[in-house]
Amino acid sequence: MMETILQEGLTALSLSTDGIPALVRYAGLLAEKNKVMNLTAINDPSDVARLHFLDSAALLTLYNFQKKAVIDIGTGAGFPGLPLRILEPSLRLTLLDAQNKRVDFLRDVCQELKLEDVVCVHERAEAFSLEHRESFDIAVSRAVAALPLLAELCLPLVKVGGTFLAMKSVDSSQELDASGRAVRLLGGQLQEPLDYTIPGTDLRHRLVIIKKIEETPKKYPRAFAKIKKNPL
Ligand code: SAM
């Protein structure tokens, strides 16, 4: 069932289906671990295939990830980063999350799937920025925070000329409007967002695209308490 959904979905997206066995193994590990810890609220295998794997995969049709250094910020159980890496093996992936148990799970998955080059980091984004600012071609993030706050966590890690991609719902217009000031202050420039449909569903999602056009001033990111209390 999961294989069929992935086969049809990836074909609809004109993506290679070579990664299906790895995705199915990943889904098995996720289901097993989800019994003993809270990794994802999505349990049904068809929903995992569509709402996690195909939603992540759709990004490959909207943006060029080939050979790029990519960081997934607040990756949780690995979304969207791990499906992107499985389906586009040339990208160099760092998975970052503030919760150690989730990062342990990701390390196990990478070992099991022999994705030896994936770097799994247990750290908060704002702390990781202190030593790794402006080192990634692409930062990507799904379901972590509202855009003004998220931009401060993610944009400092992106190289000038690189891009921050935020996965949002199509109802995010207000959030987008509210993020203009933060994006400018952090050296970014909002591009036209791209809406897409997850194959096999009528769900419309949105990829918010923020180009990094200038260095982020050194005073950002601030400590999380400040970011939260006073979003830019
Ligand atoms: N991106 C995944 C997805 O879409 O399924 C996980 C989303 S989950 C709702 C949010 C994740 O962001 C959690 O795993 C949490 O630990 C992580 N997170 C929140 N704030 C963070 C921060 N400042 N730095 C790193 N990770 C953070």
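Residues in the stretch 86-108 include at least one that is surrounded by fewer than 24 Cβ atoms within 10 Å (Cβ to Cβ), within 16 Å of the ligand (Cβ to nearest atom), at pLDDT 95 or above and of a type in the set (Val, Ile, Thr).
Would you please name the residue that is farthest from the ligand (Cβ to nearest atom), looking only at residues in the stretch 109-122 that are in a loop (DSSP other than H, G, I, E, B) and at negative phi? Spell out how you get there, then give the answer.
Applying the first criterion (in a loop (DSSP other than H, G, I, E, B)) to the stretch 109-122 yields 113-118.
Imposing the further condition that a residue be at negative phi reduces the set to 113, 115-118.
Details: Leu113: 18, Leu115: 17, Glu116: 22, Asp117: 20, Val118: 15 Å.
Among those residues, the one meeting the criterion is Glu116.
The single residue among Ile71, Ile20, Ile42 that is in contact (Cβ under 8 Å) with a residue 12 or more places away in the chain and within 12 Å of the ligand (Cβ to nearest atom) turns out to be Ile71.
Selection of first residues in the stretch 121-135 that are under 22 Å from Leu82 (Cα atoms) and of second residues that are within 8 Å of the ligand (Cβ to nearest atom) and modelled with pLDDT under 95, restricted to Cβ pairs under 8 Å at least 6 apart or on distinct chains, gives the following pairs, ordered by first then second residue: Arg124/Phe224; Glu126/Phe224. Selection of the stretch 182-217 for residues being among the hydrophobic types (A, V, I, L, M, F, W, C) and part of a loop (DSSP other than H, G, I, E, B) yields Leu186, Ile198, Leu203, Ile213.
The set of residues in the stretch 125-141 that are crowded, with 17+ Cβ neighbours inside 10 Å and either within 12 Å of the ligand (Cβ to nearest atom) or under 15 Å from Ala182 (Cβ atoms) (or both) comprises Ala125, Glu126, Phe128, Ser129, Ala139, Val140, Ser141.
Name the single residue that is modelled with the lowest pLDDT among those in the stretch 142-181 being within 16 Å of the ligand (Cβ to nearest atom) and in a strand (DSSP E or B). Only one residue fits best here, namely Ser169. The set of residues from the stretch 9-37 being surrounded by 19 or more Cβ atoms within 10 Å (Cβ to Cβ) and of a type outside the set (A, V, I, L, M, F, W, C) comprises Gly9, Gly19, Tyr26, Lys33.
Which numbered condition in (1) within 12 Å of the ligand (Cβ to nearest atom); (2) part of a helix (DSSP H, G or I); (3) farther than 19 Å from Thr201 by Cα is the only one that Leu51 fails? So Leu51 meets the others, but not (3). Among the numbered conditions (1) within 12 Å of the ligand (Cβ to nearest atom); (2) part of a loop (DSSP other than H, G, I, E, B); (3) not aromatic (Phe, Trp, Tyr), the only one that Ala225 does not meet is (2).
The values are calculated or read from the model by the stated rules, or taken from the named source; none is laboratory data. No experiment lies behind these values; they were computed from the predicted model shown. Reconstructed Cβ throughout: ideal geometry from the backbone, glycine too, with neighbour counts over all protein chains shown.
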